[in-house]
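Shown below is the structure under consideration.
The values are calculated or read from the model by the stated rules, or taken from the named source; none is laboratory data. This one's a predicted model, so the numbers in the text were calculated from it and none came from an experiment. Counting neighbours? That spans all protein chains shown, and the Cβs are built from the backbone with ideal geometry, glycine included.
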Amino acid sequence: MTFKNFPFRTTTQKQYSEMTDLPSAQRAPVQDLYPTRLRSAPDALWQPRQDAVVKGRELDGPLTQAQLDEFERKGFLFIPNLISGEELDELRQEMKALMEHDNFRERDFSVTEPESQEIRSLFAVHFLSQRLGELAKDARLAGAARQIIGVDPYVHQSRINYKPGFAGKGFNWHSDFETWHAEDGMPRMHAVSASLILTDNHEFNGPLMLIPGSHETFVPCLGETPADNHKSSLKAQQVGVPGPQALTQLVNEHGIEAPKGKAGGLLLFDCNVLHASNANLSPDPRSNVFFVYNRPDNHCQAPFAAPKRRPRFLAHQPGEQWTPK
C-alpha cells in the first residue's frame, strides 16, 4: 500500500494565534477563554466560539472551497469512498492485527468495553503501526486538516475505535475540545478530527451523530474533574457532558445528522462540534481509524480544569516520539 505523504514540518511559516514561541517556563499563563467543569451553573447555557473555524482557505490541499464552506457551516464534512479496493483491505487487516495483538491487551492505551474484555479503543496507533503512521501523513487527511486549521499540523491523538456487533456501547453527547481543554490543556479551538471508516456505517450499528452548527457555541459543563477521570470516561463519559437543556435547545435549532456510508469514507469534524453515538444493536461491527490534527502553536499546556494532565498516549506534543511501556 502506498500513500502520497504530507510533509510534516517542525516549524510553520505562519502562526494564527497570538501565542509566542518562548519556552514554557518564560511564557505567561494562557488565558482560559472557555471555562468549564464548573461548580455552579453559569448565567448562560453556552458562549459564542471565539476562534475561526476555517483558517487556511488560501492553502493548497484536497478540499474544494465548497467543501470548506460546508465544513465551516456545519462543523463537519463527510467524503464518501475516499479509499477502496486493496488499500482498504490492507488497512482492515492492519486494524485486525493491532486489535488482536496480545501485548496490547490490559495496557493503559487499550480501552475495553465497560462490560467485557473486547477492545473498544486502541490509542497512539500512529506510533504502534508504521502503516498507520504513514496514513496519518497522507495528504488526503493531513492536507485537508492543514486547509482547515491553517498551518502544517501535528497529530495530537490517534486511535482505532471498534464497536462490536450487539455488544458495542454508545458514547454520551460531548465536545472533544471540552475534554482536551479541561483535561489536556489545549488552549484554543484549532484542532480537527479525521475519522476514516473501515466498516460500513448504517443506522443500526451506532453511527456517529452530530449536531450541525453546534461547533459555533461552547457549552460549559458542570462538575469538577475527578483524579484519573480518563480511566472511567474512556469507557463511559459522565463528566464533561452537556446538560439536557442546552442539548435540547441546540438540537431543536440545528437537528441531528448521522453521516452514513460504505467503508472507505472520511469524516472530518471540528474539535468543538457536539457528537454522540448509540449502542450497536446490529450484528455488524463498526470501526474507524481516527487522527486528531492540531496546530503546533496550540499544543497542550497545563490542564484548565483537572488536577493533572492525562497520560501521553492521549495527548501528544509536536515532534514527540512515543513508545508503549
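Pick from Arg140, Arg188, Arg159: which is in contact with a Pro (Cβ under 6 Å, 6 or more places away or on another chain) and of a type in the set (Lys, Arg)? Steps first, please.
Details: Arg188 fails: in contact with a Pro (Cβ under 6 Å, 6 or more places away or on another chain); Arg159 fails: in contact with a Pro (Cβ under 6 Å, 6 or more places away or on another chain).
Selected residue: Arg140, the only one of Arg140, Arg188, Arg159 that is in contact with a Pro (Cβ under 6 Å, 6 or more places away or on another chain) and of a type in the set (Lys, Arg).
May I pose another question? So, in the range 269-297, exactly how many residues are crowded, with 24+ Cβ neighbours inside 10 Å, over 15 Å from the mean Cα position of the chain (by Cα) and under 19 Å from Val155 (Cβ atoms)?
The qualifying residues number 0.
For the range 305-318, does any single residue satisfy the condition of being more than 16 Å from the chain's Cα centre (by Cα), small (Gly, Ala, Ser) and over 27 Å from His202 (Cβ atoms)?
yes
Among the residues of the range 107-127 satisfying the criterion of being aliphatic (A, V, I, L, M) and modelled with pLDDT of 95 or more, which is surrounded by the fewest Cβ atoms within 10 Å (Cβ to Cβ)? Even if it seems obvious, please write down each step before you answer.
Step one: list which residues in the range 107-127 are aliphatic (A, V, I, L, M), which gives 111, 119, 122, 124-125.
Applying the additional criterion that residues be modelled with pLDDT of 95 or more yields 124-125.
On the way: Ala124: 22, Val125: 28.
Ranking the qualifying residues of the range 107-127, first place goes to Ala124.
Condition check ((1) hydroxyl-bearing (Ser, Thr, Tyr); (2) closer than 28 Å to Gln237 by Cα; (3) out of contact with any helix residue (DSSP H, G or I) (no Cβ under 7 Å at 6 or more places or on another chain)) across all residues:
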residue: Glu90; (1), (2), (3): no, no, yes
residue: Glu118; (1), (2), (3): no, yes, yes
residue: Phe123; (1), (2), (3): no, yes, no
residue: Gly143; (1), (2), (3): no, no, yes
residue: Gly150; (1), (2), (3): no, no, yes
residue: Pro153; (1), (2), (3): no, yes, no
residue: Ser158; (1), (2), (3): yes, yes, no
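Which of the residues belonging to the range 33-56 are touching a helix residue (DSSP H, G or I) at 6+ places or on another chain (Cβ under 9 Å) and loosely packed, with under 12 Cβ neighbours inside 10 Å?
Pro48
What is the residue count in the range 83-103 for residues that are in a loop (DSSP other than H, G, I, E, B), surrounded by 14 or more Cβ atoms within 10 Å (Cβ to Cβ) and touching a Gly at 6+ places or on another chain (Cβ under 6 Å)?
Restricting attention to the range 83-103, the residues satisfying the condition of being in a loop (DSSP other than H, G, I, E, B) are 83-84, 100-101.
Cutting the leftovers down to surrounded by 14 or more Cβ atoms within 10 Å (Cβ to Cβ) gives us 83, 101.
When the remaining residues are screened for being touching a Gly at 6+ places or on another chain (Cβ under 6 Å), the result is 83.
Matching residues across the range 83-103 total 1.
Quick one: is Phe104 over 26 Å from Pro212 (Cα atoms), modelled with pLDDT under 90 and aromatic (Phe, Trp, Tyr)?
Answer is yes for this residue.
So in the range 58-81, with the set limited to residues that are in contact with a helix residue (DSSP H, G or I) (Cβ under 6 Å, 6 or more places away or on another chain) and assigned to a loop (DSSP other than H, G, I, E, B), which one is farthest from Ser195 (Cα to Cα)?
Start the filter on the range 58-81 by keeping residues that are in contact with a helix residue (DSSP H, G or I) (Cβ under 6 Å, 6 or more places away or on another chain), which leaves 59, 61-63, 75, 77.
Among the residues that remain, those that are also assigned to a loop (DSSP other than H, G, I, E, B) are: 59, 61-63, 75.
On the way: Leu59: 22, Gly61: 18, Pro62: 16, Leu63: 16, Gly75: 14 Å.
Among them, the one singled out is Leu59.
Could you tell me whether any residue of the range 224-238 is modelled with pLDDT of 95 or more and touching a Phe, Trp or Tyr at 6+ places or on another chain (Cβ under 8 Å)? Reasoning before the result, please.
Here is the first cut: in the range 224-238, the residues modelled with pLDDT of 95 or more are none.
Checking the range 224-238: not a single residue is modelled with pLDDT of 95 or more and touching a Phe, Trp or Tyr at 6+ places or on another chain (Cβ under 8 Å).
Return the only residue of Glu87, Glu70 being of a type outside the set (Gly, Ala, Ser), touching a Phe, Trp or Tyr at 6+ places or on another chain (Cβ under 9 Å) and under 17 Å from Gly213 (Cβ atoms). Let's see the steps before the verdict.
Numbers: Glu87 fails: under 17 Å from Gly213 (Cβ atoms).
Just a single option satisfies the conditions, and that option is Glu70.
Sticking with this one: In the set Val251, Val239, which member is farther than 25 Å from Asp138 by Cα and outside any loop (DSSP other than H, G, I, E, B)? Break it down stepwise before answering.
Working: Val239 fails: outside any loop (DSSP other than H, G, I, E, B).
Result of the check over Val251, Val239: Val251.
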